[in-house]
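The values are calculated or read from the model by the stated rules, or taken from the named source; none is laboratory data. Model, not experiment: these values are computed from the prediction. We place every Cβ from the backbone using ideal geometry, glycine too, and count neighbours over all the protein chains shown.
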């Protein structure tokens with residue numbers, strides 16, 4: 001799209017999908033659960049029938065997943081040579 005007007009895009013930040021705003025705290029590569037209304041909005045946009053039941057429990061104040069980096073379950077210690 002930008003190429004048509006001779007503009008080079010070096011970085012693109014997605015801030016929303018349709019009317020669903022992505023919170024600024026949602027880091028790259030992370031995800032969040034959507035409530036049934038948001039899911040049905042997206043399904044409607046692509047011509048799918050609405051869901052009638054949510055399969056996950058989503059509350060408005062706890063929709064985003066934890067954004068803290070996680071450590072591997074086990075990480076062997078490096079041994080130094082003497």
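Here are some notes:
- Filtered residue count, the stretch 7-58, keeping only those that are on the phi > 0 side of the Ramachandran plot and modelled with pLDDT under 90: 2
Every residue, every condition in (1) touching a strand residue (DSSP E or B) at 6+ places or on another chain (Cβ under 9 Å); (2) in a loop (DSSP other than H, G, I, E, B), yes or no:
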position: 1; (1), (2): no, yes
position: 4; (1), (2): no, no
position: 10; (1), (2): no, yes
position: 23; (1), (2): yes, yes
position: 26; (1), (2): yes, yes
position: 30; (1), (2): yes, yes
position: 34; (1), (2): yes, yes
position: 37; (1), (2): no, no
position: 40; (1), (2): no, no
